[in-house]
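Colleague: What follows is a single structure, and I will ask about it in a moment.
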Amino acid sequence: MMAAGGAAGGLEWAATGRALDGEASGDLHLVLPGSPESLVCVMDGLGHGPEAQAASEECAAILKSRFGAPLLDLVHAAHEGLRGTRGVALTLALVDEQRGRLEWVAIGNVEGLVLRQGLPRGPMHGAVVQRGGVVGYRLPPLKVSEATLAAGDVLVFATDGIKSGFSTALELTLGVRELADDIASRFDKRSDDSLVLVARYLGGAR
């Protein structure tokens, strides 16, 4: 298992991942804290192994080099830069920590959820709209989705190596590291690379 995490401004996050072959994972996360907007991305290089890992690493490098650009500009830059690679699925988000606003876009099957305690019909507050396609090969028509954030909201990004339906079985009072590890231990399919990133919105820059 691979683990990472951190905290900056109005966000704290943790990620847990596993390579199918035990060495090279095509599933990668990227968190770039900013003021007022932080970039959060989870990428899934197609297939698995070194070529999938190379595609995700190149995508992360492109996003870092263009940090500060609008979401769709970032997607198009990654798309052009990944031609000739296997390509990636991704969910890419900008979190405006001061205004409590989330903008995000998904190409392929990287799940993105906003979970909130105390809702009458379960914790789901929002979900990214996933559109079929591959960054680096074929982009679908894109539209940025938005969600409002309240202090304590939990964002979860998961590749398709994680079983869906995990959101109803979580204890949201846990820390981000405990939540990421819990999802990975209980919902990993064990048939592909996997990665889950959990971030908590703390309610504005600190």
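Colleague: Taking only C-alpha pairs under 8 Å that are 6+ residues apart, what is the relative contact order of the chain in percent?
Modeller: 26
Colleague: Enumerate the calculated ³J(HN,Hα) couplings along region 152-169 in order (Karplus 6.51 cos²θ - 1.76 cosθ + 1.60, θ = phi - 60°), each rounded to whole Hz, writing x wherever the residue is Gly or Pro.
Modeller: x, 4, 10, 9, 10, 10, 9, 6, 6, x, 9, 5, 6, x, 6, 5, 7, 10
Colleague: Could you please rank Asp27, Asp193, placing first whichever residue has the fewest other Cβ atoms within 10 Å of its Cβ?
Modeller: Going from least to most buried by this count: Asp193, Asp27.
Colleague: Could you pull out every residue, at least 5 positions away or on a different chain, whose amide H is within less than 5 Å of the one on Gly5? Hs are placed 1.01 Å off N in the peptide plane, and Pro or chain starts have none.
Modeller: Excluding prolines and chain starts, which carry no amide H, the hits are Ala15.
Colleague: Magnitude of the Cβ-charge dipole of region 1-139, K/R +1 and D/E -1, about the Cα centre, nearest 20 debye?
Modeller: With Lys and Arg at +1 and Asp and Glu at -1, about 400 debye.
Colleague: Taking amide H atoms as placed 1.01 Å from N in the peptide plane, list the residues 5 or more away in sequence, or in a different chain, whose amide H sits under 5 Å from that of Leu11.
Modeller: Leu202
Colleague: Still on this structure: What order do you get for Cys41, Cys59 when you list them from fewest to most C-beta neighbours inside 10 Å?
Modeller: So the ranking, lowest neighbour count to highest, is Cys41, Cys59.
Colleague: Compute the Rg/Rh shape ratio of region 2-200: radius of gyration over Kirkwood radius, all on alpha-carbon atoms.
Modeller: The Rg/Rh ratio comes out at 0.94.
Colleague: Also, I was wondering about something else. Where in region 83-188 are there GluC sites (Glu not before Pro) that are in a DSSP coil and have at most 10 other Cβ atoms within 10 angstrom of their Cβ?
Modeller: Passing both the DSSP loop test and the Cβ count: Glu171.
Colleague: For each of Phe157, Phe187, count neighbouring Cβ atoms within 10 Å of the residue's Cβ, then give the residues from fewest to most.
Modeller: Ascending Cβ contact count within 10 Å gives the list Phe187, Phe157.
Colleague: Kindly write out, for region 145-151 in residue order, the coupling ³J(HN,Hα) from the Karplus curve 6.51 cos²θ - 1.76 cosθ + 1.60 (θ = phi - 60°), rounded to whole Hz, with x marking Gly and Pro.
Modeller: Result, ordered by residue: 9, 10, 8, 8, 10, 10, 3 Hz.
Colleague: Right, next: Using θ = phi - 60° and the Karplus curve 6.51 cos²θ - 1.76 cosθ + 1.60, what whole-Hz ³J(HN,Hα) does each residue of region 194-202 get, with Gly and Pro shown as x?
Modeller: With the stated coefficients, region 194-202 comes to 9, 7, 10, 10, 10, 10, 10, 7, 8 Hz.
Colleague: Also, quick follow-up: Set Lys and Arg Cβ to +1 and Asp and Glu Cβ to -1, take the dipole of the chain about its Cα centre, and tell me which of Ala54, Cys41, Ala24 lies farthest positive.
Modeller: So the residue furthest toward the plus end is Cys41.
Bear in mind that the values in this text are calculations on the coordinates, not laboratory data. Just so it is clear, the structure is predicted and the values come from calculations on it, not from any experiment. Quick reminder, even Gly has a Cβ in these numbers, built from the backbone with ideal geometry, and neighbours come from all protein chains shown.
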